[in-house]
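K.L.:
First, the structure itself, so that you have it in front of you.
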Amino acid sequence: MVFEKRRPGAVLFDRDGTLIRDVPYNGDPGLVEPMPGAVEALGRLRRADVPVAVVTNQSGVAKGLLSPDEMDQVNAKVEELLGPFDAWAICVHDDADGCTCRKPAPGLVIRAAAVLDVSPRDCVVVGDIGRDMDAARAAGARGILVPTEQTLEEEIERAPEVADDLSDVVERVLSGAEEPVPAVSAPWARAMGWSRW
Ligand SMILES: [Mg+2]
Ligand SMILES: [Zn+2]
């Protein structure tokens, strides 16, 4: 369809090291600090009517390093600074729990997509490490890695797609989708399959 905008069903962001600076097992809302460009990137996606969600491993809960309540407070701070998300999918387990949600397992991506009523195949998963990309791949989603100093060289090499920063992610995700829909002066032109005047 010539006139149809192509947009992803949703963009699912890893939290730590992607949307906010990674403070391991953080339970203190005061330490929440957005990554560069996060506010702007989310704003552009929201204005383009693309649902945004968070898919995050929080094994600190299973490890007893932060309480569910502290985690909730941190997540509330994230929304205060970055705006509301259409869905949150959180894994509070640890590797030994053998759950199906802890990335690199696909559970969080599948859950967030289900909540948003879109197919995982129409989702983009944005993260800073290989686990995020593996979860995307396992769920059939498009993965985009935004490396930080913590990202391993091997993870960058293995990534299906690598972006410079969150602004670059939005460019990639919306490329071609933000162009204005061409005006058609006569409705019957489209009905007859005339795509141009
Ligand atoms: Mg991360
Ligand atoms: Zn889990």
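K.L.:
Each label point is 7 Å from the Cα along the Cα-to-Cβ direction; what then is the distance between the points at residue 114 and residue 149, in nm?
P.N.:
Result for the modelled spin labels: 3.9 nm.
K.L.:
On a 1.4 Å probe surface of the protein chains, which of 72, 49, 134 comes out largest in accessible area, and what is the full order?
P.N.:
The residues order as 49, 72, 134, largest area first.
K.L.:
Could you work out the percent of alpha carbon pairs in the chain separated by over 23 Å, rounded to a whole number?
P.N.:
Value for the chain: 45 percent of Cα pairs lie more than 23 Å apart.
K.L.:
Which value in deg cm²/dmol, rounded to the nearest 500, describes the helix-derived mean residue ellipticity at 222 nm for the chain, given -39,500 (n - 2.57) per DSSP H run of n ≥ 4 and division by the residue count?
P.N.:
Roughly -9500 deg cm²/dmol at 222 nm, from the helical runs in the chain.
K.L.:
Counting only heavy atoms of the protein chains, get the accessible area per residue of the chain (1.4 Å probe) and round it to a whole Å² value.
P.N.:
52
K.L.:
Further question: Run the lone-cysteine check on the chain: no other Cys C-beta under 4.7 Å from the residue's C-beta.
P.N.:
99, 123, each lacking another Cys Cβ under 4.7 Å.
K.L.:
Considering only the stretch 1-136, what is the antiparallel percent among its DSSP beta bridges, to the nearest 5?
P.N.:
5
K.L.:
For residue 39 and residue 95 in the same chain, what is the full-extension length gain: residue separation times 0.36 nm, less their Cα-Cα distance, in nm?
P.N.:
Full-extension gain reported as 17.0 nm.
K.L.:
Whole Å is fine, so just give me how far the alpha carbon centre of the stretch 10-55 lies from that of the stretch 62-139.
P.N.:
12
K.L.:
Please compute the volume of the convex hull spanned by the alpha-carbon atoms of the stretch 43-157 and report it per residue in Å³.
P.N.:
119
K.L.:
Provide the solvent-accessible area of residue 152, counting protein heavy atoms only and rolling a 1.4 Å probe, rounded to the nearest 10 Å².
P.N.:
100
K.L.:
Pop out the Kirkwood hydrodynamic radius of the stretch 1-109 from its pairwise C-alpha distances, inverse of mean 1/r, in Å to one decimal.
P.N.:
Its Kirkwood hydrodynamic radius stands at 14.8 Å.
K.L.:
Roughly speaking, to the nearest percent, how much of the stretch 1-140's 1.4 Å accessible area is carbon and sulfur?
P.N.:
Carbon and sulfur together cover 51 percent of it.
The values are calculated or read from the model by the stated rules, or taken from the named source; none is laboratory data. Bear in mind that the values here come from a model prediction, so they are computed numbers and not experimental data. Neighbour counts are summed over all protein chains in view; Cβ atoms, including those assigned to glycine, are modelled from backbone coordinates with ideal geometry. Note: accessible area is taken over every heavy atom of the protein model, side chains too, but ligands, DNA and RNA are not part of it. Shrake-Rupley method; radii C 1.70, N 1.55, O 1.52, S 1.80 Å.
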